[in-house]
Amino acid sequence: MSTLEIRNLQVTVETENGTKEILRGVDLTVKSGETHAIMGPNGSGKSTLAYSIAGHPKYTVTGGTVTLDGEDVLAMSVDERARAGLFLAMQYPVEVPGVTVSNFLRTAKTAVDGEAPKLRTWVKDVKAAMGDLRMDPSFAERNVNEGFSGGEKKRHEILQMELLKPKVAVLDETDSGLDVDALRIVSEGVNRVKDSTDVGVLLITHYTRILRYIKPDFVHVFVDGRIVEEGGPELADRLESEGYDRYVGASA
Amino acid sequence: MSLLAEKNPAQSAASHTDSAEAFVPDQSRAERRTSYSVADFPVPGGREEEWRFTPVDRLKGLFAEEGSTEGAVTVATDAPEGVEVLELAMDDERVGSAYRPADRAAVTAYAGAAKALYVGVPNEAELVAPVFVRVTGHAGRDNAHLVVDAGRHSKATVVLEHSGTGEHTAGVEIRVGDGADLTFVTVQEWDDDAIHVAQNDALIGRDAHLRHITVTLGGEIVRVSTNARYSGPGGSFEGLGVYFADAGQHQEHRLFVDHEAPHCHSNVEYKGALQGETAHTVWVGDVLIRASAEGTDTYELNRNLILDDGARADSIPNLEIETGEIVGAGHASATGRFDDEQLFYLQARGIPEDVARRLVVRGFFASVVARIGVPEVSERLMAAIDVELGGTAAADADLVEVSS
């Protein structure tokens, strides 16, 4: 049983026009087995929340706390956070030329587990997970994200989530740019990890479409750097029909 | 310029960073002087086109016409059976036929060399193992000349290794017989205070293939000029280079591919990493397609990865085309800083920063290292790159490739 606890998180970013405040006091608790959807309009700070949890150097935390099972996440380096059990599926996964997927996955698994995986079971696990995500075996010998289609990049992110078995996974707009088939394959992958590992999921999305495949326990509406409304799955249905106008208007 | 085909559209205008000092050559490469007479090359002052990037003040010793210091080097050779390894007088007919000194250092090397080392691969021989020529510098000045003579339809690999210290000026002449397939590797793994200026001239026979590989890792100043010519149609030159410059090092690689025979092919790929504030690398890639060289296909690429602020990489591709009847001609050059987003992505998967940096740099070199095709060289090279990045043998266990 793990708990990711975010308290009054405030984050700024440096822009050409000076320091810009993006997160203005975010409170959120994600426990093992729970799925939280964070929904909000473009520019509301959803992705900043994801990157701040992962520790991207571009963002400066100016206040608040983030803990995982009581440990101070903000004091950890990016790789320490991942080894502590946090995972970020990125909206725009980065190309790493010359590094094959198989080498990358094994290096990451070794780092997260603290020891190299047993070769025989590892190769089998990777093959099975790739098969489930309808990824061709030749994928393993391609360079990380290089020349991948949008759908391939997202499947590769979920493949990593399946293999690294995090305690809490943040999925940053994993649904963006996916057609219906790819969305279903990716969502099935997330659901498989949920069923088999009790992972806590923080699902960041602009659209309600993915919530037909991945059922949230909690829905949070994110506007202008903070959570403005919280509820159950029914809140997503309301957003589907009404959009964000109500919240955007209110905060402006 | 319409003949300039960018074969790598991924490297768009944004990353196409020909040196800021891009210039119009004042003369064709065809007019550049070659001569065996020292008097034909005045001592460079540093403003000459071919010397403008080089710290010539530190090369004064090598520019002097002078013999070798007694005991300046030891040379060890290791060759499979059937290979001729000889010392030849400089006036032997097997010396100099494919070599034309093209600058002051090359001509003083030729004039100052007391003898030449000759490596001959017999016609139609297929060597089971590489030939190694290991040069160890001790102190003082050395003038060297090496002849590699690959007989027609032979298949061989010759590795020239440099280590130690001293001031070295050297000529390497490579004759690739008709239909032969030669891999020649020159490795510069000098001590931090060594100076090395070399000219490699290759003459590629009809339907012959030369893979010329330059690996430069150590030395205070290393400058290797490689010139490829074709003696018949159908020849192919593959020029590969890997370099890693640390603070205080000057590494310069100059290539000139002279397409005169028709239906020849050339492909150049050099990749370099720079680490430390005062690291400086220079890459110049000249290609000349003469009017007679119809059916030429040529491409050259240089990439530099800057790991620290203050390091400087100059990269200058030049293409002169005198006939439109060609298959293709293009070049690409880009110099970029280490990409922090790659580092973040890898670290976000739990990979510690030092391992992540090594993965990225190894990945940067991977395409060219994969083309080397000489395991003795590529494995040592990757290990050497890890050492440059401050890695340890133990950490390398994390990087074992697994095939599924």
Given (1) hydroxyl-bearing (Ser, Thr, Tyr); (2) farther than 25 Å from B:Val38 by Cα; (3) not in a strand (DSSP E or B), number of the condition B:Thr69 does not satisfy: (2)
Within the stretch A:31-42, identify whether any single residue is modelled with pLDDT of 95 or more and more than 30 Å from A:Glu242 (Cα to Cα), and answer yes or no. yes
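Do you know which residues across the stretch B:116-139 are small (Gly, Ala, Ser) and either under 19 Å from B:Ala98 (Cα atoms) or surrounded by fewer than 17 Cβ atoms within 10 Å (Cβ to Cβ) (or both)? Before you say what the answer is, go through the steps one by one.
At the first step, the residues of the stretch B:116-139 found to be small (Gly, Ala, Ser) are B:116, B:120, B:125, B:129, B:137, B:139.
B:Ala116, B:Gly120, B:Ala129, B:Ala139, listed by residue number.
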Might you check whether a residue that is more than 22 Å from B:Arg94 (Cβ to Cβ), assigned by TED's automatic domain parsing to the domain that holds B:Asn302, open to solvent by 10 Å² or more (accessible area, probe 1.4 Å) and not in a strand (DSSP E or B) occurs anywhere in the stretch B:211-219? no
With respect to A:Pro93, determine if the residue is assigned to a loop (DSSP other than H, G, I, E, B), within 11 Å of chain B (Cβ to nearest Cβ), in contact with a Lys or Arg (Cβ under 6 Å, 6 or more places away or on another chain) and touching a residue at least 24 places away in the same chain (Cβ under 8 Å). yes
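State which residue is nearest to the other protein chains (Cβ to nearest Cβ) when the search covers only the stretch B:344-363 and only residues that are open to solvent by less than 30 Å² (accessible area, probe 1.4 Å) and under 23 Å from B:Leu217 (Cα atoms). Spell out how you get there, then give the answer.
As a first pass, look at the stretch B:344-363 and keep what is open to solvent by less than 30 Å² (accessible area, probe 1.4 Å): B:344-351, B:355-356, B:358-361, B:363.
Filter once more, so that each one left must be under 23 Å from B:Leu217 (Cα atoms): B:355-356, B:358-361, B:363.
Working: B:Val355: 7, B:Ala356: 8, B:Arg358: 10, B:Leu359: 5, B:Val360: 6, B:Val361: 9, B:Gly363: 3 Å.
The extreme case among them is B:Gly363.
Scan the stretch B:257-296 residue by residue and report those that are open to solvent by 30 Å² or more (accessible area, probe 1.4 Å) and either closer than 20 Å to B:Glu238 by Cβ or within 20 Å of the chain's Cα centre (by Cα) (or both).
Step one: of the stretch B:257-296, the residues open to solvent by 30 Å² or more (accessible area, probe 1.4 Å) are B:260, B:262-263, B:265, B:267, B:275, B:277-278, B:280, B:290-292, B:294.
Hits for the stretch B:257-296 are B:Glu260, B:Pro262, B:His263, B:His265, B:Asn267, B:Gln275, B:His280.
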Could you say whether any residue in the stretch A:152-162 is at pLDDT 95 or above, open to solvent by less than 10 Å² (accessible area, probe 1.4 Å), of a type outside the set (Phe, Trp, Tyr) and over 18 Å from the mean Cα position of the chain (by Cα)? no
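Which residue, of A:Arg120, A:Arg106, A:Arg83, is closer than 23 Å to A:Phe148 by Cβ and either open to solvent by 20 Å² or more (accessible area, probe 1.4 Å) or facing chain B (nearest Cβ under 7 Å) (or both)? Give the derivation first.
Working: A:Arg120 fails: closer than 23 Å to A:Phe148 by Cβ; A:Arg83 fails: closer than 23 Å to A:Phe148 by Cβ.
Exactly one residue qualifies, and that residue is A:Arg106.
Restricting to the stretch B:178-198, give me the number of residues that are over 17 Å from the mean Cα position of the chain (by Cα) and either of a type in the set (Asp, Glu) or surrounded by 24 or more Cβ atoms within 10 Å (Cβ to Cβ) (or both). Show your work before the answer.
Restricting attention to the stretch B:178-198, the residues satisfying the condition of being over 17 Å from the mean Cα position of the chain (by Cα) are B:178-181, B:191-194.
Now restrict to residues that are either of a type in the set (Asp, Glu) or surrounded by 24 or more Cβ atoms within 10 Å (Cβ to Cβ) (or both): B:178, B:180-181, B:191-193.
Going through the stretch B:178-198 one residue at a time, the tally reaches 6.
Being open to solvent by 10 Å² or more (accessible area, probe 1.4 Å) and either in a helix (DSSP H, G or I) or within 14 Å of chain A (Cβ to nearest Cβ) (or both) is the filter here, so list the residues in the stretch B:364-376 that pass it.
Start the filter on the stretch B:364-376 by keeping residues that are open to solvent by 10 Å² or more (accessible area, probe 1.4 Å), which leaves B:364, B:366-367, B:369-371, B:373, B:375-376.
B:Phe364, B:Ala366, B:Ser367, B:Val369, B:Ala370, B:Arg371, B:Pro375, B:Glu376, listed by residue number.
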Just wondering, is there one or more residues in the stretch A:27-39 that are surrounded by fewer than 22 Cβ atoms within 10 Å (Cβ to Cβ), assigned to a loop (DSSP other than H, G, I, E, B) and more than 17 Å from the chain's Cα centre (by Cα)? no
Note on the stretch B:141-156: residues open to solvent by less than 30 Å² (accessible area, probe 1.4 Å) and within 18 Å of the chain's Cα centre (by Cα) are B:His145, B:Leu146, B:Val147, B:Val148
If I ask for residues that are over 20 Å from A:Arg142 (Cα atoms) and hydrophobic (A, V, I, L, M, F, W, C), which ones from the stretch B:356-381 would you list? B:Val374, B:Val377, B:Leu381
Scan (1) open to solvent by 20 Å² or more (accessible area, probe 1.4 Å); (2) over 23 Å from B:Leu305 (Cα atoms) for the single condition A:Pro97 breaks and write down its number. (2)
Answer yes or no as to whether A:Ala75 is modelled with pLDDT of 95 or more, open to solvent by less than 50 Å² (accessible area, probe 1.4 Å) and either at negative phi or at the interface with chain B (Cβ under 10 Å from one of its Cβ atoms) (or both). no
Do we have any residue at all in the stretch A:172-180 that's surrounded by 22 or more Cβ atoms within 10 Å (Cβ to Cβ) and assigned to a helix (DSSP H, G or I)? no
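When only residues in the stretch A:126-151 that are among the polar types (S, T, N, Q) and modelled with pLDDT of 95 or more count, which is least open to solvent (accessible area, probe 1.4 Å)? Lay out the reasoning, then the answer.
To start, the set of residues in the stretch A:126-151 that are among the polar types (S, T, N, Q) comprises A:138, A:143, A:145, A:149.
Now drop any that are not modelled with pLDDT of 95 or more, which leaves A:143, A:145.
Numbers: A:Asn143: 40, A:Asn145: 0 Å².
Looking at residues that are among the polar types (S, T, N, Q) and modelled with pLDDT of 95 or more, I get A:Asn145.
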Among what's in the stretch A:52-68 and is within 23 Å of A:Glu230 (Cβ to Cβ) and open to solvent by 30 Å² or more (accessible area, probe 1.4 Å), pick the residue that is nearest to the other protein chains (Cβ to nearest Cβ). A:Val61
Answer yes if at least one residue in the stretch B:297-305 is part of a helix (DSSP H, G or I), open to solvent by 10 Å² or more (accessible area, probe 1.4 Å) and within 14 Å of chain A (Cβ to nearest Cβ), and no otherwise. no
Name the residue that is farthest from the other protein chains (Cβ to nearest Cβ), counting only residues in the stretch A:123-146 that are among the acidic types (Asp, Glu) and part of a loop (DSSP other than H, G, I, E, B). A:Asp136
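Is it the case that B:Ala384 is surrounded by 16 or more Cβ atoms within 10 Å (Cβ to Cβ), touching a strand residue (DSSP E or B) at 6+ places or on another chain (Cβ under 7 Å) and not in a strand (DSSP E or B)? Please lay out each step first, then the result.
On the way: surrounded by 16 or more Cβ atoms within 10 Å (Cβ to Cβ): yes; touching a strand residue (DSSP E or B) at 6+ places or on another chain (Cβ under 7 Å): yes; not in a strand (DSSP E or B): yes.
In short, yes.
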Of (1) part of a strand (DSSP E or B); (2) within 26 Å of B:Ala291 (Cα to Cα), B:Ala170 fails just (2)
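Please work out if A:Arg81 is under 19 Å from the mean Cα position of the chain (by Cα), basic (Lys, Arg) and more than 30 Å from A:Met130 (Cβ to Cβ). Quick ask: steps written out before the conclusion?
Working: under 19 Å from the mean Cα position of the chain (by Cα): yes; basic (Lys, Arg): yes; more than 30 Å from A:Met130 (Cβ to Cβ): no.
Taking the combined requirement at face value, the residue does not satisfy it.
The values are calculated or read from the model by the stated rules, or taken from the named source; none is laboratory data. This one's a predicted model, so the numbers in the text were calculated from it and none came from an experiment. Ideal geometry is used to build each Cβ from the backbone, glycine not excepted, and the neighbour counts take in all protein chains shown. Note: areas computed on protein heavy atoms with side chains; ligands, DNA, RNA excluded. Shrake-Rupley method; radii C 1.70, N 1.55, O 1.52, S 1.80 Å.
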